[in-house]
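Readers should treat all values here as calculations from the given coordinates under stated rules, not as data from a laboratory. Everything numeric in this text was worked out from a predicted model, so none of it was measured. Here the Cβ positions follow ideal geometry from the backbone for every residue, glycine too, while neighbour counts run over all protein chains shown.
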Amino acid sequence: MKQRPGFPARLDKDKASSPPKTLLGATRVLTAQSPMRPKPVAMPSPAGVGLDSSTVRVRMVQKLADQGVTDTLVLQAMGLIERHRFVDSALVNQAYEDTSLPIGLGQTISKPNVVARMMALVRQAPGLQADGLMGRVLEIGTGCGYQAALLSHIAREVYSIERLRGLHDKARENLRPLRLPNVHLIFGDGMLGYPQGAPYSAIIAAAGGEDIPCAWLDQLAMGGRIVAPMQTSQGQQALVVIDKTAQGLQQTLLEAVHFVPLKSGIA
Ligand code: SAH
């Protein structure tokens with residue numbers, strides 16, 4: 001059983017980040033986030049006692065909304081899933097800051113803002129179901145399992161694949177108490193996708209390569225969307241959105257991002 005974290009968490013961060021960089025050459029413009037300029041919010045005193053994690057999560061969600069995340073289902077999920085349960089105990093008091101954090105084996109969990117942004121992007125895919133949920137979603141790079149838990153609230157079935165055995169096991173342990181029957185964790189090379197769950201309404205990658213693997217394109221349903229970091233011709237990494245439409249694949253480059261590398265094989 002996990003220990004309750006040593007809250008209150010630090011609540012001192014309210015600095016504005018620079019607006020996302022939009023890369024030239026986009027073939028289509030998606031709803032981009034508004035420039036990140038958080039409005040001042042009334043903060044509970046960090047020195048106060050008895051703050052529990054839901055208070056800091058509410059504050060994180062409000063900050064995400066201030067930063068331009070408007071999708072209520074995504075915000076709801078971010079408010080529900082306890083990020084502190086997915087990071088090492090030494091990092092628990094940073095769990096609700098807008099920062100990426102190490103999760104072991106040289107990997108990192110993305111900033112909440114980037115996670116929310118990517119989920120909002122997949123939800124803008126044309127193939128959304130009538131009840132507002134995605135159908136089957138494939139996540140490349142389970143890491144600690146945080147995003148898989150979030151995805152379980154916006155999709156009917158979540159397949160999440162991880163190439164590092166140590167993290168696959170850690171994610172399994174982190175997710176067990178949440179009892180999410182629609183999350184399927186797979187140990188394997190995500191560059192090959194996971195054909196058993198295909199076709200997917202969306203594929204979301206937490207690691208960036210030089211290209212989008214063909215397997216992902218093959219396993220994407222018609223009307224489905226890939227959201228992934230990818231190396232651009234300028235040598236930077238940027239978020240890329242690929243829609244599979246009756247007219248073919250449509251690619252859109254969005255802002256610069258910093259994800260861990262997509263690697264082949266298992267370890
Ligand atoms: N979504 C994760 C973020 C993990 S970081 C979370 O919420 O914690 C990205 C992960 O992608 C790392 O764990 C890394 O090992 C994994 N990864 C990189 N290349 C991969 C591949 N080819 N297949 C599966 N996982 C991969």
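Couple of notes before you dig in:
- For Ala206, the conditions (1) more than 18 Å from the chain's Cα centre (by Cα); (2) closer than 23 Å to Leu254 by Cα are fulfilled apart from (1).
- In the stretch 124-221, counting only strands (runs of 3 or more DSSP E) that sit wholly within it, the ones holding 3 or more residues that are within 9 Å of the ligand (Cβ to nearest atom) span 155-162.
- Any hit, the stretch 227-235, residues being farther than 18 Å from Gln147 by Cα, surrounded by 22 or more Cβ atoms within 10 Å (Cβ to Cβ) and within 16 Å of the ligand (Cβ to nearest atom): yes
- When the stretch 103-118 is limited to residues that are among the hydrophobic types (A, V, I, L, M, F, W, C) and more than 20 Å from Val56 (Cβ to Cβ), the one that is surrounded by the most Cβ atoms within 10 Å (Cβ to Cβ) turns out to be Met118.
- Pick from the stretch 238-257, criterion surrounded by fewer than 21 Cβ atoms within 10 Å (Cβ to Cβ) and in contact with a Pro (Cβ under 8 Å, 6 or more places away or on another chain), ranking: farthest from Gly208 (Cα to Cα): Thr245
- Test: residue in the stretch 180-196 that is free of Cβ contacts under 8 Å to residues at least 12 places away in the same chain and under 16 Å from Ala148 (Cβ atoms): yes
- The set of residues from the stretch 91-110 being away from the ligand (no atom under 11 Å from the Cβ) and part of a loop (DSSP other than H, G, I, E, B) comprises Ala95, Tyr96, Glu97, Asp98, Thr99.
- Scanning the stretch 241-267 for residues that are within 16 Å of the ligand (Cβ to nearest atom) and at negative phi yields a total of 10.
- Pro213 within 16 Å of Ile140 (Cβ to Cβ) and either out of contact with any strand residue (DSSP E or B) (no Cβ under 6 Å at 6 or more places or on another chain) or surrounded by fewer than 16 Cβ atoms within 10 Å (Cβ to Cβ) (or both): yes
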